[in-house]
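Worksheet: the structure to be examined is printed underneath.
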Amino acid sequence: LGGYHYGRYKGPERVSARLVWPQGADRAGVERAASATMLVRDLVNTPANDLGPAELAAAAEALAKEFGARFSVVTGDELLTRNYPMIHAVGRASSRAPRLIDIEWGDPSAPKVTLVGKGVVFDSGGLDLKDAGNMLLMKKDMGGAAHALGVARMVMMARLPVRLRVLVPAVENAVSGDAFRPMDVYRSRKGLTVEIGNTDAEGRLVLCDALEEASSEKPEIIVDFATLTGAARVALGTDVPAMFCNDDATADALAAASRRVDDPLWRLPLWQPYNRLLKSGIADVNNAPDTRFGGAITAALFLERFVAPGVPWVHIDLYAWNGADRPGRPKGGEAMTMRAVYALLEERFGGRR
């Protein structure tokens with residue numbers, strides 16, 4: 001991982017080290033983790049001018065083809081006819097059409113595992129425009145999508161006996177005459193009406209339609225990845241992703257896997273009394289409470305409304321970026337919690353052959 005170099009626009013400045021395999025090393029496990037990490041880093045590091053919704057879909061299609069998975073995509077106004085209105089609302093302002101990417105792989109009779117990733121290829125903030133400093137790194141706002149594809153790569157490389165599904169809402173949150181507005185109200189795929197408190201809280205909007213679709217099949221677990229809130233970074237910093245979960249057994253198992261493979265995360269609570277902060281006077285829910293407190297929690301509580309009762313669900317709010325070079329972690333895009341999530345899936349489903 002320390003030898004990684006993103007070489008699309010600039011050659012390497014030094015020769016990469018070559019790995020000498022120790023006797024008894026789990027070479028297949030290392031190759032899974034390393035190749036998936038490279039995929040995540042490459043996708044996150046690619047500038048938004050070269051990675052729009054179409055290019056993100058092409059990367060997902062290439063991954064699907066590599067492993068013989070089924071790939072499909074719902075694009076542009078078809079999102080409305082197929083009832084994904086929140087994804088369409090967020091992405092319609094861009095000249096690059098929004099889309100929902102869908103990958104399916106594995107035996108249909110195997111336990112269902114669904115991964116969802118936030119694919120906002122660039123986030124201007126929309127009409128609630130970000131300032132220059134906060135907009136600078138927003139090419140990485142599709143980091144959740146990259147992580148979902150990275151875990152999918154590990155699962156398919158290992159041929160885990162699961163029925164895998166990956167859902168990625170891919171959009172650009174742009175500004176135009178067709179942009180969605182503060183205090184607009186939209187009806188989600190689930191039927192819940194959502195008042196827009198802030199257009200810069202767009203990630204939870206595209207995820208809510210994808211989570212509703214994911215829940216419709218009642219999988220054995222849903223894991224979503226998203227570069228969702230600055231509040232999570234204030235609470236835990238850039239190195240430790242926040243984990244929310246509606247099932248204590250799943251949360252405990254993921255925390256144990258995180259410690260075992262040295263891939264950190266930290267559980268934050270789905271504190272139900274904070275649902276009062278999501279109330280709207282004219283809709284079922286507001287996407288952005290008018291408070292600066294508990295932002296990571298209220299975002300997770302918003303998403304929880306779109307997960308079917310009884311379906312174990314993990315939401316991971318991560319940064320997907322290294323701010324400076326460190327051993328094994330060059331500056332730029334980074335995979336976080338991916339190895340931990342894979343370890344959980346392998347432990348829970350790997351023995352079912």
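The values are calculated or read from the model by the stated rules, or taken from the named source; none is laboratory data. Quick caveat: nothing in here was measured; it's all calculated off a predicted structure. Neighbour counts are summed over all protein chains in view; Cβ atoms, including those assigned to glycine, are modelled from backbone coordinates with ideal geometry. Ligands, DNA and RNA are excluded from the accessible area calculation, which covers all protein heavy atoms including side chains. Shrake-Rupley method; radii C 1.70, N 1.55, O 1.52, S 1.80 Å.
Let me make sure I get this right: for the range 175-316, a, b and c are the square roots of the gyration tensor eigenvalues over alpha carbons, sorted descending. Under 1.5 in a/c it's rounded, otherwise prolate if a/b > b/c, else oblate. Which is it?
prolate
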(request) Could you tell me how many degrees, from 0 to 90 and to the nearest 10, lie between the Cα long axis of helix 143-158 and the main elongation axis, the longest principal axis, of the Cα atoms of the chain? (result) 40
(message) Helix 53-66 against the longest principal axis of the chain: what's the angle in degrees, Cα atoms only, rounded to the nearest 10?
(response) 40
(request) For an R0 of 30 angstrom, estimate the FRET efficiency from the Cβ-Cβ distance between residue 134 and residue 23 and round to the nearest 0.05. (result) 0.05
(request) Would you please classify the overall shape of the range 204-277 from the alpha carbon gyration tensor, given that a ≥ b ≥ c denote the square roots of the eigenvalues, rounded means a/c under 1.5, and beyond that prolate means a/b larger than b/c while oblate covers the rest? (result) oblate
(request) Please tell me the relative contact order of the chain in percent, rounded to the nearest whole number, where contacts are Cα pairs under 8 Å and at least six residues apart. (result) 20
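If you count, for each residue, the other Cβ atoms within 10 Å and average over each peptide, how do 321-329, 283-291 line up from highest to lowest?
283-291, 321-329
Give the ranking of 282, 101 by solvent-accessible surface, highest area first, calculated with a 1.4 Å probe.
The most accessible residue leads, giving 282, 101.
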(request) Read phi for every residue in the range 294-308 and hand back ³J(HN,Hα) as whole Hz from Karplus 6.51 cos²θ - 1.76 cosθ + 1.60, θ = phi - 60°, with x for Gly and Pro. (result) x, x, 5, 6, 5, 5, 5, 5, 4, 5, 4, 5, 10, 9, 5
(message) I'm spelling it out carefully: the read-out is semi-axes √(5λ) of the Cα gyration tensor in Å, the candidates are (i) 32, 28, 17; (ii) 39, 24, 21; (iii) 30, 23, 20, and one was derived from this structure. Which label?
(response) (iii)
(message) If R₀ is 30 angstrom, what is the calculated FRET efficiency for the pair residue 308 and residue 239, using the beta carbon separation as r and rounding to 0.05?
(response) 0.40
(request) Using packing as a proxy for protection, rank 166-174, 209-217 so that the peptide with the highest average count of other Cβ atoms within 10 Å comes first. (result) 166-174, 209-217
(message) A 29 angstrom limit on the alpha carbon distance is what I want to check against. Which of 218/331; 190/279; 139/279; 65/118 exceed it?
(response) 218/331; 139/279
(request) Could you run the Karplus curve 6.51 cos²θ - 1.76 cosθ + 1.60 with θ = phi - 60° over the range 199-213 and give me ³J(HN,Hα) per residue in whole Hz, x for Gly and Pro? (result) 6, 7, 9, 7, x, 5, 6, 6, 5, 5, 5, 5, 5, 4, 5
(message) How much accessible area per residue does the chain have, counting only protein heavy atoms and a probe of 1.4 Å, in square angstrom?
(response) 43
(request) Would you mind calculating the relative contact order of the range 144-302 from Cα pairs under 8 angstrom and at least 6 residues apart, reporting the percent as a whole number? (result) 25
(message) Tell me the carbon and sulfur percent of the accessible area for the chain, rounded to whole percent, probe radius 1.4 Å.
(response) 52
(request) Starting with the highest mean, order 5-17, 139-151 by the number of other Cβ atoms within 10 Å, averaged over the residues of each peptide. (result) 139-151, 5-17
(request) Could you check the simple spin-label distance between residue 15 and residue 30, using points 7 Å along Cα→Cβ, in nm with one decimal? (result) 2.0
